[in-house]
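Quick notes on the structure that follows.
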Amino acid sequence: MTALRSPLPVPRAPVPRPLTGAGGVLVVLAGALSALLCASIGLGHFHRGDATNYDLGIFSQSAASWARLQLPTSSVLGGTPLLGDHFSPATAVFGPVWALWPDPRALVLAQALLLGLGTALVARCAVRHLPRPAAAAVAVGTALAHGALAAARFDVHEVCLAVPLLALCATALLEGRHGAAALWSLPLLLVKEDMGATVAVVAVLLWLRGRRRLGLAVAAAAAVGVVVAFATMLVVDPAHDLSRLAAFGGSARTAVAPDPVPAGEALRARAVLVLTTVVGAGVLWVASPVALLAVPTLAWRLVSVTPSYWSPGLHYGAVLVPVAAVALVDVLRRVRARRPRAVVPLAVLAAAASAATTAWVLPVGSLSVPWQASTWRAGPYVQQVRAATAALPAGSRLAADNTSGPYLLGEAGGGHDVVGWSVDAPLERLPDVVVLDASRASTGVSRAGKLAWLAEVAALPGVRVQRTGDTVVVHLPG
């Protein structure tokens, strides 16, 4: 009987080269340096006073909930159960981190380690399939990729949890280890609700490679995961509403879709997103079937009506980095079989493209580096906020704007229960203490709006205002 032919020819599974001493050193060095770079960027961002309630304050409160063995909630979001905002039960891994060191910086370091682990896993894949100079170039390009560094610069986000999983899944697909690819893809369903589409792509690749039962099983798991994710969000959300639909122009009772962007501007922004994604990993990676794993994340960002999703300078691109890097290894190993001398130059060009794209997308001059002393210690703004609130009882409930909030969390910040502040919030709904940064705008309010609010509230009877530099502490009547 003639065997049925697979719709997609199954590529010959490459035989990975075992890691030798030098190869292992390269892997460890790549991961350690990547983690160090991400840690310095994240901690420098925090110590400079640029951290925000959205998202570091939210994830800090989420981690504190998990550490208490409770489902995650956030006072910054008004006490919202966070599984109703995003389906991210994988953030439970932040609970033990917070228990060990209850400080927002612990999460920054945890994220840096996860991003560094992603780089190490990509380097391991490259070392097993490419000449060492080419593998080193791939590792450098991965460590300098704008998606990873943008995530390090943007406080903390659950997408960092997907980075090592995607590196492992993509490597398993490259090497024809289909069972391993399936197993590494399944935890992605717990990272974020959109990851179900990526798992579905894994299922399609398995089906096209002839592993039909396994592909069907993974597809079923992806479908169940998506249903569970959105059902949980619908049930857990206090309003029983999928407010995230507003970001895609859908109906949501509790969220308003963003203001429309002129068509030309929206088209240019989306084109830049695609261009930086393709060029940032050296272009060649799109020729690999592994590159299909990047399609769902890129697609939902392009379809969205939310302008921030189109920006290549935010954390959403972190999940594309390991996929593009492993896909590049896949292409380069095939080039090696035909033109061995071309592999190293192509890998170096890809690394240069990664660095150039990062320099274009991110404000590189403002990124902290490990050898700067200011990276590792609290700067003037952080010291000012903490000095202004030092007299408040530890653990007190207070409202804070987006730029002040993260510095009032954890043991170093007084362990306060921080509530999100809004210029439109009725005074009777605010705690007795409000902390504001009068030097700059915050999410949803300009600096002028803050100053106008302060002037209006200060004129009310019984209100006491204390100012330390640009930090204002407002005591409202009980």
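General remarks:
- No other residue among R153, R128 is under 30 Å from L245 (Cβ atoms) and of a type in the set (K, R) apart from R153.
- Residue within the stretch 46-61 that is over 21 Å from L398 (Cβ atoms) and in contact with a strand residue (DSSP E or B) (Cβ under 6 Å, 6 or more places away or on another chain) present: no
- Selection status of L398, buried (at least 22 other Cβ atoms within 10 Å of the Cβ), within 20 Å of G79 (Cβ to Cβ) and either small (G, A, S) or over 27 Å from the mean Cα position of the chain (by Cα) (or both): yes
- Residue in the stretch 7-29 that is within 16 Å of the chain's Cα centre (by Cα), assigned to a helix (DSSP H, G or I) and modelled with pLDDT of 80 or more present: no
- Among the conditions (1) touching a helix residue (DSSP H, G or I) at 6+ places or on another chain (Cβ under 6 Å); (2) touching a residue at least 24 places away in the same chain (Cβ under 8 Å), A441 misses just one, which is (2).
- Residue that is farthest from L242 (Cα to Cα) [pool: residues in the stretch 71-104 that are among the β-branched types (V, I, T) and part of a helix (DSSP H, G or I)]: V97
- Criterion violated by G78 - all others in (1) open to solvent by 30 Å² or more (accessible area, probe 1.4 Å); (2) on the phi < 0 side of the Ramachandran plot; (3) touching a residue at least 24 places away in the same chain (Cβ under 8 Å); (4) not β-branched (V, I, T) satisfied: (2)
- Remark: pairs (first residue in the stretch 453-476, closer than 16 Å to A425 by Cα and in contact (Cβ under 8 Å) with a residue 40 or more places away in the chain; second residue open to solvent by 50 Å² or more (accessible area, probe 1.4 Å) and not in a loop (DSSP other than H, G, I, E, B); Cβ separation under 6 Å; 6+ apart in sequence or on different chains) = V474/V465; H475/R464.
- Tally, over the stretch 87-97, of residues that are open to solvent by less than 30 Å² (accessible area, probe 1.4 Å) and of a type outside the set (S, T, Y): 4
- Of note, R105 does not satisfy the criterion of being over 20 Å from the mean Cα position of the chain (by Cα), modelled with pLDDT of 95 or more and either basic (K, R) or surrounded by 24 or more Cβ atoms within 10 Å (Cβ to Cβ) (or both).
- Restricting the stretch 296-341 to residues that are charged (D, E, K, R) and farther than 21 Å from D55 by Cβ leaves a set whose member that is surrounded by the most Cβ atoms within 10 Å (Cβ to Cβ) is D330.
- Every listed requirement among (1) part of a helix (DSSP H, G or I); (2) touching a residue at least 60 places away in the same chain (Cβ under 8 Å); (3) surrounded by fewer than 23 Cβ atoms within 10 Å (Cβ to Cβ) is met by S34 save one, (3).
- Among the residues of the stretch 435-449, those that are under 29 Å from the mean Cα position of the chain (by Cα) and open to solvent by less than 60 Å² (accessible area, probe 1.4 Å) comprise V435, L436, D437, A438, S439, A441, S442, V445.
- Scanning the stretch 247-254 for any residue that is touching a Leu at 6+ places or on another chain (Cβ under 9 Å), open to solvent by less than 70 Å² (accessible area, probe 1.4 Å) and at pLDDT below 95 turns up at least one such residue.
- Only one entry of R429, R464 meets the criterion of being in contact with a strand residue (DSSP E or B) (Cβ under 6 Å, 6 or more places away or on another chain), of a type outside the set (A, V, I, L, M, F, W, C) and exposed (fewer than 14 other Cβ atoms within 10 Å of the Cβ), and that entry is R464.
- Residue within the stretch 219-235 that is in a loop (DSSP other than H, G, I, E, B) and either in contact (Cβ under 8 Å) with a residue 40 or more places away in the chain or open to solvent by 20 Å² or more (accessible area, probe 1.4 Å) (or both) present: no
- Test for A172: is it small (G, A, S) and either under 30 Å from T254 (Cα atoms) or under 22 Å from the mean Cα position of the chain (by Cα) (or both): no
- When residues in the stretch 148-163 are screened for being part of a helix (DSSP H, G or I), open to solvent by less than 10 Å² (accessible area, probe 1.4 Å) and not hydrophobic (A, V, I, L, M, F, W, C), 1 of them pass.
- Only one of the listed residues (V473, V457) is assigned to a helix (DSSP H, G or I) and β-branched (V, I, T). That residue is V457.
- Residue within the stretch 135-147 that is under 20 Å from F59 (Cα atoms) and open to solvent by less than 10 Å² (accessible area, probe 1.4 Å) present: yes
- Residue pairs meeting the criteria (Cβ under 9 Å; at least 6 apart or on separate chains; first farther than 21 Å from A271 by Cβ, in the stretch 283-305; second at pLDDT below 95 and surrounded by fewer than 19 Cβ atoms within 10 Å (Cβ to Cβ)): P289/L8; P289/P11
- Of the residues making up the stretch 48-75, those that are at pLDDT 95 or above and open to solvent by 10 Å² or more (accessible area, probe 1.4 Å) number 15.
- Within the stretch 342-368, the set of residues being in a loop (DSSP other than H, G, I, E, B) and open to solvent by 40 Å² or more (accessible area, probe 1.4 Å) comprises P363 only.
- Subset tally (residues that are outside any helix (DSSP H, G or I) and open to solvent by 30 Å² or more (accessible area, probe 1.4 Å)) for the stretch 177-216: 4
The values are calculated or read from the model by the stated rules, or taken from the named source; none is laboratory data. What you see is a predicted model; the values in this text were computed from it and never measured. Note that we place each Cβ from the backbone using ideal geometry, even for glycine, and neighbour counts take in every protein chain shown. Ligands, DNA and RNA are stripped out before the accessible areas are found, and what is left, the full protein with its side chains, is counted by its heavy atoms. Shrake-Rupley method; radii C 1.70, N 1.55, O 1.52, S 1.80 Å.
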